[in-house]
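Notes for the one structure printed next.
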Amino acid sequence: MIDATPRPTLEHAASREAEPRWRLLYALNPLAKIAAPVPAMLALLAVRDLPTPAAFLVLAYAVILLGARLSARTLVILLLAVPAFLLLIGIGFSLWTDASRISHDVVILQLGSWTLYGEALEIGFATALRLGAILALALIGGLTTTGPDLTRSMIQQLRVPYRVGYTALAAFRFVPRFGHELEVIRAAHRVRGATYGRGPIAAVRRRIGYVVPLLAGAIRHAERVALSMDARAFGAYPHRTERYRIPFRARDFVFIALFWIASAAIFLAFRPWA
């Protein structure tokens, strides 16, 4: 049987070997990093208090900071941009809360006839923390999992048909390629001195000038991918071999169990539905 598996690049293999052993998240199966936080993410949709999402936010940040190798840009986003975004979201939801449906006992701010009540502020920041906690839990797998690894694990463990998995992966890989080709087209236009003027009409002409070569490049790339898949007998057999496997080990079960225990402990400690 012809092996039609996309070969992993040398850079991808080197990056997997270069990760420190104590960076636990890189050694886990991608499905384990999804299965562990999903129950907490679903349960957070129904909570309305402040401590519960705040605790999950701290838990997710701890797992990410201890188990992932983060670049300086990612650290700035996690430690500065995300808290600032949550602050703005909390204030925004506080201002949009219907004052007729909340308690008026605590007044935070009063400007003329408009009043910001304490319960509105609590509701706003509870919503912001809930969104932040769900986002942080999703980043546990998102920051440490590659598309090919996730696809292979879904095919091997979840028995997703490989025709579906690798076709979807090939489609997703078109997106960054489009971005690269768009930059190349823009650079070529600048080198050739293409001028479109200013104003809305010029902007439309500029975009039309990008669309035609971008579509032509996309068609050529799609033809090359189709020919490559046909040459490797993609889809000719119901099953396929894999160059390397992504097993579901005991460490994956331990990680899922520990995360579920920690999630249950947080819910039992704060009792958001009591």
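Between the alpha-carbon centers of the stretch 121-187 and the stretch 79-99, tell me the distance in whole angstrom.
25
Taking each pair of distinct Cα atoms in the stretch 132-274 once, what is the resulting Kirkwood hydrodynamic radius in Å?
Over the stretch 132-274, the inverse of the mean reciprocal pair distance is 20.0 Å.
Among A128, A120, A236, whose mean-square fluctuation peaks in a Gaussian network model of the chain (Cα, cutoff 10 Å)?
A236
For the chain, which longest stretch is free of loop sites, where a loop site is one of the trypsin sites (Lys or Arg not before Pro) that DSSP puts outside H, G, I, E and B and that has at most 16 other Cβ atoms within 10 Å?
So the longest stretch without any such site is 70-158.
What do you get for the angle between helix 162-172 and the principal long axis of the chain? Use alpha-carbon atoms, 0 to 90 degrees, nearest ten.
For 162-172 against the chain, the angle is about 80 degrees.
Compute the acute angle (0 to 90°) between the alpha-carbon long axis of helix 200-231 and the principal axis of greatest extent of the alpha-carbon atoms of the chain; round to the nearest 10°.
60
What does the charge dipole of the stretch 10-270 about its Cα centre add up to, to the nearest 20 debye, if the Cβ of each Lys and Arg holds +1 and the Cβ of each Asp and Glu holds -1?
1360
For the chain, what is the mean residue ellipticity at 222 nm derived from helices alone (per DSSP H run of n ≥ 4: -39500 (n - 2.57); sum divided by total residues; nearest 500 deg cm²/dmol)?
-21000 deg cm²/dmol
Mind telling me which of G112, G235, G92 comes out most flexible in a GNM of the chain, alpha-carbon contacts under 10 Å?
Residue with maximal mean-square fluctuation among G112, G235, G92: G112.
Which of V191, V107, V63 moves most in a GNM of the chain, Cα contacts under 10 Å?
Taking springs between Cα atoms under 10 Å, the residue moving most is V191.
Can you give me the long-range amide H partners of I108? Hydrogens built in the peptide plane at 1.01 Å from N, cutoff under 5 Å, separation of 5 or more residues or another chain.
Under 5 Å from the amide H of I108 lie the amide H atoms of L116, Y117, G118, each far enough along the sequence or on another chain.
When the convex hull of the C-alpha atoms of the chain is computed, what volume per residue in Å³ does it have?
217
Within 10 Å of each residue's Cβ, count the other Cβ atoms and sort L25, L268 from fewest upward.
L268, L25
Every number in this text was worked out from the coordinates using simple rules, so none of it is lab data. Predicted model, so just to flag it, every value in this text is computed and none were measured. Counting neighbours? That spans all protein chains shown, and the Cβs are built from the backbone with ideal geometry, glycine included.
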